[in-house]
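*Asks:* Okay, here's the structure, questions in a sec.
The values are calculated or read from the model by the stated rules, or taken from the named source; none is laboratory data. Worth saying up front: this structure is predicted, and the values here are computed from it rather than measured. Here Cβ is always computed from backbone atoms with ideal geometry, including for glycine, and neighbour counts include all displayed protein chains.
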Amino acid sequence: MNGQKERLMVLDMIAEGKISAEEAEQLFKAMEVTEADPALESQEFVPPTNLSQPGFLSTPPSISGRPSYRDLIGALKEAGIDQVTLSDMQELQAHKLTAEYVREIRALGLEPDGLGEWINLRIHDITPRYVRDLREMGITDLDVDELTELKDHSVSAKYISSLHEMGVKDLEVDELIELSDHDVSAKYIAELRQAGFKNLDVDELIELSSHDVSLKYVVELREQGLKDLDVDEIVELSSHDVSPRYISELRKLGFKEFDVDDLVELGSHGVSTKFIAELNALGLKDLDIDDLVELENHGVSPEFIGEMHRLGFKDLDIDELVELANHDVSPQFISELREMGFKDFDTDDFIELRNHDITVNFIKSMRELGLTDLDVDELVELRIHNVSPRFVRELREMGFKDLEVDELVELTNRHVTPRFIREMREQYGESLSLSQLLK
C-alpha cells in the first residue's frame, strides 16, 4: 500500500468536506501505526462509517468539479515546494490557493519564494489577469512584494494607462504608489496643464495634490494679480491657508503691495482680516505686515488695546503694546493699582512691577503693616531682597515697628531673621537694638 497516496486521499476528503481536520489527524495517526507494523502493511482499509474509528482509504474520493489536494501538491512541487503539512494545506484551502492558480502565476514568470509568498498573493487578491494587465502597461519584472504594494494602493492597469495617455510614463513602483496615494489622477494633471503647468514631475504633482491645489485655486489667485507663481509659491500659499478671498479682503483694507512672502507671513501667524479691521477701528491704520505679525504673535488683541485706551493709554506704539502683553500687564492689574492710589505710573513702572512679581496683594499686605506710600523702586527693592510681609509682621511683633525699607533690606542681607533675634535676646537680653543686632 502506498502511504503517500493514502495521505493525498485524506487531504482530498478534507477539501470535499467529507471529514474534518481533527478526523484527518486521526487517520494520519492510524497510518503511522500501520506503517510501523509490517504485518498490517498488506492490508487494505476502507473508510469506516464511524470516522471516530479511522482506517485506510482504499479508493480516492471523486466529486465532480471539486479541486484536488493532489493536484495542488503536484503544482507546488513543480514550484519547488516539496514539504507541505496538513496545517499548510488547511491554510492554502482557506486562502483558495488552487493548482490552476499556481500554474498560471508561474506561466507568467513569477516564482514566489515559499508558501508564505503564495498565500500573500492570494491575501492581496493578486490574480493572473492583474499581472497580465500590468505587463501590458510595461510594468514587468515585479516581485511579490511590489505586486501586493501596487494592489494595496489601488494602482490598477487602467490607472497606469490613464497616466500614459497624459505622457506620464516610465514610472517606478514607488512613484505609482505615491501618485495613487495622493489622488493624482489623469484629470487632475489635465487641469494643471490647462493652468499652464505642463512639465511637472512626479514630486511636483504630489506636492500640489497633497496641498489641495486645484485649477480653481490657481485661476482665482491669478484674478487677484498673482499671475507668475511657480509650484513652490503656490504650495506655500495653500499650505498657509492663504485663499484668494483672503487676498481680496486685504486689498479692500488698503494692502495693495505685497508679495508671496508677505502673504505667507500673515497666513502662518493667523493674522485674519477681521483682526486687521478691528485694529483699524481703534485708530491703528498704518500698520505694516511686520507690525501685524508682531501684535498677533504676542497676543495683543483689539480687546486689549481697547481696554488700554479706556484707561487713558491711547498713544502706545507697537513696541509698548507688545512689552505690556509680554509682561502680563493686564488692564485689570492697572485698574487695581490705580484704585490703590498709583495714578501716575507709566508703562515702564507697570512692567517693572510685573517683572518682579509684585502683586496687588503684596502691596496691600505691606500697607497693612505700616509700609505706606511705597514707590516702584522701594517695592522692587523689597521684592528683590525677599522681604516678605510675614518677615515684616514677625519683626513688628518683636517690637521693631517703624523700620524703613533700607533697614528691612539690611536685615535680610545680613541674615538677621526673627529666629536669630530670639536667640540673641536669650543670650544678651531683650533690650538689644537694631544696630547691635547688625554688628
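*Asks:* Among the residues of the stretch 251-263, how many are surrounded by 12 or more Cβ atoms within 10 Å (Cβ to Cβ) and either under 24 Å from the mean Cα position of the chain (by Cα) or not acidic (Asp, Glu) (or both)? Give the steps one after another, and end with the answer.
*Replies:* Within the stretch 251-263, the subset surrounded by 12 or more Cβ atoms within 10 Å (Cβ to Cβ) is 251, 253, 255, 258, 260, 262-263.
Add one more test, that the residue is either under 24 Å from the mean Cα position of the chain (by Cα) or not acidic (Asp, Glu) (or both), and what stays is 251, 253, 255, 258, 260, 263.
Count: 6.
*Asks:* Moving on. For the stretch 187-213, give me the residue count where each residue is touching a His at 6+ places or on another chain (Cβ under 9 Å) and either closer than 23 Å to LEU142 by Cβ or modelled with pLDDT under 95 (or both).
*Replies:* 2
*Asks:* Give the number of residues within the stretch 224-250 that are in a helix (DSSP H, G or I) and exposed (fewer than 13 other Cβ atoms within 10 Å of the Cβ). Steps first, answer last, please.
*Replies:* Applying the first criterion (in a helix (DSSP H, G or I)) to the stretch 224-250 yields 231-239, 244-250.
Going one step further and asking which of them are exposed (fewer than 13 other Cβ atoms within 10 Å of the Cβ), we end up with 232, 245.
Residues meeting the conditions: 2.
*Asks:* Here's a follow-up. I'd like to check something: does the stretch 264-282 contain any residue that is touching a helix residue (DSSP H, G or I) at 6+ places or on another chain (Cβ under 6 Å) and farther than 30 Å from LEU226 by Cα?
*Replies:* Taking every residue of the stretch 264-282 in turn, at least one turns out to be touching a helix residue (DSSP H, G or I) at 6+ places or on another chain (Cβ under 6 Å) and farther than 30 Å from LEU226 by Cα.
*Asks:* Here is a follow-up. Out of the residues in the stretch 81-99 that are assigned to a helix (DSSP H, G or I) and more than 13 Å from TRP118 (Cβ to Cβ), state the one that is farthest from the chain's Cα centre (by Cα).
*Replies:* At the first step, the residues of the stretch 81-99 found to be assigned to a helix (DSSP H, G or I) are 86-94, 99.
Adding the requirement that they be more than 13 Å from TRP118 (Cβ to Cβ) leaves 86-87, 90.
Working: LEU86: 45, SER87: 41, GLN90: 41 Å.
Out of the qualifying residues, it is LEU86.
For (1) in contact with a helix residue (DSSP H, G or I) (Cβ under 6 Å, 6 or more places away or on another chain); (2) at pLDDT 95 or above; (3) among the basic types (Lys, Arg), each residue gets a yes or a no:
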| residue | (1), (2), (3) |
| --- | --- |
| ASP82 | no, no, no |
| THR85 | no, no, no |
| GLU91 | no, no, no |
| ALA94 | no, no, no |
| ARG135 | no, no, yes |
| ILE139 | no, no, no |
| LYS151 | no, yes, yes |
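*Asks:* Something else about it: Being basic (Lys, Arg) and within 56 Å of the chain's Cα centre (by Cα) narrows it down to one of ARG425, ARG419, ARG396, ARG414, so name that one.
*Replies:* Values: ARG425 fails: within 56 Å of the chain's Cα centre (by Cα); ARG419 fails: within 56 Å of the chain's Cα centre (by Cα); ARG396 fails: within 56 Å of the chain's Cα centre (by Cα).
The match here is ARG414.
*Asks:* Related question: Go through the stretch 286-300 and give me each residue that's surrounded by fewer than 16 Cβ atoms within 10 Å (Cβ to Cβ) and assigned to a helix (DSSP H, G or I).
*Replies:* Hits for the stretch 286-300 are ASP290, ASN297.
*Asks:* Going through the stretch 61-80 one residue at a time, which ones are at pLDDT below 85, loosely packed, with under 14 Cβ neighbours inside 10 Å and either over 53 Å from the mean Cα position of the chain (by Cα) or of a type in the set (Lys, Arg) (or both)? Break it down stepwise before answering.
*Replies:* Here is the first cut: in the stretch 61-80, the residues at pLDDT below 85 are 61-70.
Going one step further and asking which of them are loosely packed, with under 14 Cβ neighbours inside 10 Å, we end up with 62-66.
Selection gives SER62, ILE63, SER64, ARG66.
*Asks:* Any residue in the stretch 376-390 that is surrounded by 14 or more Cβ atoms within 10 Å (Cβ to Cβ) and basic (Lys, Arg)? Walk me through it before giving the result.
*Replies:* Step one: list which residues in the stretch 376-390 are surrounded by 14 or more Cβ atoms within 10 Å (Cβ to Cβ), which gives 376, 378-383, 385, 387-389.
Then drop every residue that is not basic (Lys, Arg), which leaves 383.
The answer is yes, given that some residue of the stretch 376-390 is surrounded by 14 or more Cβ atoms within 10 Å (Cβ to Cβ) and basic (Lys, Arg).
*Asks:* A further question on this structure: What do you reckon, is VAL218 among the β-branched types (Val, Ile, Thr), out of contact with any strand residue (DSSP E or B) (no Cβ under 7 Å at 6 or more places or on another chain) and assigned to a loop (DSSP other than H, G, I, E, B)? Before you say what the answer is, go through the steps one by one.
*Replies:* Details: among the β-branched types (Val, Ile, Thr): yes; out of contact with any strand residue (DSSP E or B) (no Cβ under 7 Å at 6 or more places or on another chain): yes; assigned to a loop (DSSP other than H, G, I, E, B): no.
No.
*Asks:* Further question on the same structure: Which residue out of PHE304, PHE313 is under 35 Å from the mean Cα position of the chain (by Cα), more than 30 Å from ARG390 (Cα to Cα) and among the aromatic types (Phe, Trp, Tyr)? Before the answer, list the steps.
*Replies:* Numbers: PHE313 fails: under 35 Å from the mean Cα position of the chain (by Cα).
Being under 35 Å from the mean Cα position of the chain (by Cα), more than 30 Å from ARG390 (Cα to Cα) and among the aromatic types (Phe, Trp, Tyr) holds for just one of PHE304, PHE313, which is PHE304.
*Asks:* Within the stretch 147-159, is there a residue that is under 23 Å from the mean Cα position of the chain (by Cα) and either crowded, with 18+ Cβ neighbours inside 10 Å or under 30 Å from HIS240 (Cβ atoms) (or both)? Give the derivation first.
*Replies:* Filtering the stretch 147-159 down to residues under 23 Å from the mean Cα position of the chain (by Cα) leaves 152-153.
Then drop every residue that is not either crowded, with 18+ Cβ neighbours inside 10 Å or under 30 Å from HIS240 (Cβ atoms) (or both), which leaves 153.
Yes - at least one qualifying residue is present in the stretch 147-159.
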